[in-house]
Structure formats: C-alpha cells, structure tokens
Amino acid sequence: MKPTRSMKPVSGSLLQNDLSPATRLVALALFVFAVALTGGGSRSDIASLPLLRGFAALTFFAMLAFVPAAAWRGIRFPLILLGLLAAWMFVQLIPLSPAIWSALPLRDRVFAIDELLGTGDRWRPISMTPTQTVNSLLALIVPAAALLVAAAVPAGQRIRLWWAIWAFGVASAVFCLFQFVAGPRSLFYLYRITNEGSLVGLFANRNHNALLLSLSILSAGWLAANEIASRTKRPLIVPMLIGSMVFFLLLILIIGSRFGLVFGSASLLFSYLLVRWSYRFEPKPINQARGRAHRRASAAAPAARPARRILLNLLPFLLVAGLVAVFYFSGRDNTVGRLVDGDGAEEIRIAALGTVASLAKGQWLLGSGFGSFASVYQIVEPDALLRQDYFNQAHNDWLQLPIEGGLPAVLIFLAGASWIVSGLVGALRQRSRPLGVEFVEPIVLAGAFALIILNSIVDYPLRTQSLAMIAAFLLVILARLRPATGDSAPRG
C-alpha cells in the first residue's frame, strides 16, 4: 500500500500557504500606492472610491486567508473597535416605527412634512441620510485592510511602516512640484472639488496634505535617529532624510495651511532635537588607537565646543524663523500670509461654532447618522450665516462625532483613546535603561498621534481614506511597542 503524506499543521491562516516576508512587504507597498493615489478625498461622490474599496476588500480577505492569525494578536482591540463602529452604523440604518422615529431630535419637522404628503406611516432609520451612512460604513474597509496589511509585516521589520509613511509624503511632495509647474487646472490635480491654486499633492484638501507632510517630518526624524544609531552605515540615508524634512517644511509654507505651518515647524524642531540626541548612541570603533596628536586635539576641543553647541541648537529655530520671514515679505499668497492676515473662512467657522455645539447637545444620544452633518446643519443654520458655499463638514471632529454617532460612537472613541494612551505609557516604561535610541520611537509615535488629534479640532483628517490608512499604520506600530508583544527591535 502506498504511504500517504502527512499534512502540514495549519498555522492559523485560512489557507496553508503563508505569505513570505518579502511578499508581505510587496503587498504593503502596493496597498500604500493604491490608497495614496485614489483615497485623498473625503467626499462620497469621488469616482475612484469603488475601485479603492474593492481593492481594499480583496486585500482584507487575502490577508485573512494567507497570513497566520498570530499576526493579528496585537491589533485585536483596534479591530474589535472598528467592528463595533461598523455595527453601530448598521444599527443606524435599521428602520424605526413612525412613533419612535418622530420622537427623536429634529425628526419632528420631517415627520410633519410626511404627514402633509400622506406618508406619515413611513418607517425611517435613525440616520437622516441613509445613503451617506452606507458610504461611511463602506469606508471602514480601507482602515480595516490597512490594519491587516501593516500587521502582516514581520514584527522585527515594523520600521518599514515608518518608511511607508515617509515615502507617501515624498510622493505627495513630488505631486506638489508638478502642480506648481503645470498650473491649477492640470491633470496633476486628482480631484474635481479641491483647493484650486494650492499645492494639494495627492489630496483634495491642502490641510490634509500639510498634515501628511508634518507626519512625514516626524517619520524622517525617527528614521534618521535609528540610522545614526545603527551599526550598518549607509552614508547617504541621514542627509537624505534631513534634507527631506526641510523640503517638506518649504512646501508647507507654500501650501497655505495654517495648521501645517504651526505643527510642521514644531515637527521639524522636534525631529532635529531627536536627531541631535541620537548621536549620543552612535556606535564607536572598538580599540581605536589614539595618537598624541589626537589627544592634544581632544584636550583643546572643549574650549571650542560651547559656541558650536549653541550654534547647532539654534540652527533649526533660525532656519524656521528665516523661512517664515522670507515668505511673509515675499508678497505672494502663502501660508504665512493666511496665518497673519486671515482669509475670512475662520470667521465663518467660529460664528457657526455655537450652532454646531447646539447640534451636538441635541444629538448626543443616538446621533443623526454618520455622514449626515451637511444635511442636518442646513436644518438649523442661522440666516445670518447663509452663503453660496456650504459646510460639508463641521471642521471639528470632536463635535461632529457626537452629532453623527451619538453616545455609542463617543464611547468607542474613548475606548480607543484609552488603548493608545496605555500603550504609549507602557512602551515608554519598557524602553532600555539607561535611555537608548529605542526611547525615541514611542516619543515620535506620541507626537504623530498628537498631530492627528490636534488637527481634528480644526479639520476632519480621519474622514480621508489615505490618512485613515496612516492612522492604522500608527496603531500597528503602537501594538508592536506594547509590553504584551515583547517586541522592541526597530530594524529588520
């Protein structure tokens, strides 16, 4: 009788053939490319969204099928929260009886119109714009796929995720250059509704481009610090990364984003300090012979060090101040001019803040439905604030979240914020003692989360698919840093 071959044990993936580490990195690169090229807008009518979400769905199921379940262990909690958010969106789409629905805030006006039209017995869902809520539900497939793609990267190679963020920033910066040369109506503007005349890069909104460049500055800072402390010397990497940080800030000054100017400058100064600090951990040659001349030079060096140290510490501040001054006195339309002189948009948003806050107060329990803000705001919009254009978003996600999602969405957000804070605290506590370059990564990660949180006060970054992907990458990096994973090696 012919002997049968024993089957290999299943490692936790749906299929027996796991993807190799190289294949997982290729999948990461392809995913970043696709999302960066098609996911730079927040509107629901963008033509590329079906292609993007179809690709993200295929990627999601491919990762489930071919990558062992052990890879998802560290991101179970973010995946659970994403599933809970999707479940709540689905609940908002369940039709309710007229008696229950008409008792919800702001529904009485719509119910009165239904009665006038003879359709008062019509069942309606919690969401006042069901199609927009369906769009929000479908949008979750991109961050879900991003979590799985990033988690599939081998744990010891999580620095590849930082490189992916930096590369995304470089690609958007290159598009900025093309837009600057080709003009506002060129094919390099990928979205029909955009900030015309501004350098939006791979986005529809200049503020989102500025946020990406600020995050890329932080990424470049950590990558440079890690390279300095590495024993594998690649002489061009550090100058390239430092040069990219200055280039990103130059673009931010041209883009016209006031948030980008403030936090891009802060990111550059912060990254510079981290890079300077990382030189303490640069590997030194072992048993290096020291001649008499070298010892004399070392003895004479302390006299010259204070002036050099002061100059190096002041260099980034002088650079930022000089660039800001040059752009302000240039007389051209740029970020510095908008920050100092304003453009009128912020006055309208401040004037509407009271109305938006009252909406949040009225919708705090169940919400008006994800994606419904623009329609709901028009119901309560004061006559004094009526203009030709309209509020597509609240430009304050801290208020828009309770308006659209109600208490369940706020609780999900608080659970996610608690997980992030506890993870950062745990990562900082478990770093090496005495402090080493490994201490830099959780600090940079905290800075990246801070940028997104602060930007959400004046904008809506996570409603853009490509920035949601970046946030998912940051969550996976945090999961790798948490004490429970036991992984602290930044390099692959």
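Overview of results
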{"quantity": "Amide H contacts under 5 Å for residue 124, placed H, 5+ residues apart", "calculated": "96"}
{"quantity": "Whole-Hz couplings from phi, Karplus 6.51/-1.76/1.60, listed for segment 121-129; x for Gly and Pro", "calculated": "8, 6, 8, 10, x, 4, 5, 7, 9"}
{"quantity": "Residue-normalised accessible area of segment 190-241, given per residue in Å² at a 1.4 Å probe", "calculated": "34"}
{"quantity": "Amide H partners (placed H, <5 Å) of residue 368, local residues excluded", "calculated": "404, 405, 406"}
{"quantity": "For segment 131-201, average projected area of the Cα convex hull in nm²", "calculated": "6.3"}
{"quantity": "Accessible area in the full protein assembly, largest first, 1.4 Å probe, for 273, 241, 366", "calculated": "273, 366, 241"}
{"quantity": "Volume in Å³ per residue [convex hull over Cα atoms, computed for segment 81-207]", "calculated": "160"}
{"quantity": "Per-residue ³J(HN,Hα) for segment 89-106, Karplus 6.51 cos²θ - 1.76 cosθ + 1.60, θ = phi - 60°, Hz, x for Gly and Pro", "calculated": "4, 5, 4, 5, 9, 7, x, 10, 5, x, 5, 6, 5, 5, 7, 6, x, 6"}
{"quantity": "Using distinct alpha-carbon pairs, which all enter the 1/r mean, Kirkwood radius of segment 32-80 in Å", "calculated": "12.5"}
{"quantity": "Per-residue HN-Hα couplings for segment 377-384 [Karplus 6.51, -1.76, 1.60; θ = phi - 60°; Hz; x = Gly/Pro]", "calculated": "5, 5, 5, 10, 5, x, 4, 5"}
{"quantity": "Accessible area per residue, Å², segment 81-179 with all protein chains present, probe 1.4 Å", "calculated": "42"}
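The values are calculated or read from the model by the stated rules, or taken from the named source; none is laboratory data. Here the structure is a predicted model, which means the values were calculated and not measured. Areas reflect the complete protein model, heavy atoms only, side chains present, ligands, DNA and RNA absent. Shrake-Rupley method; radii C 1.70, N 1.55, O 1.52, S 1.80 Å.
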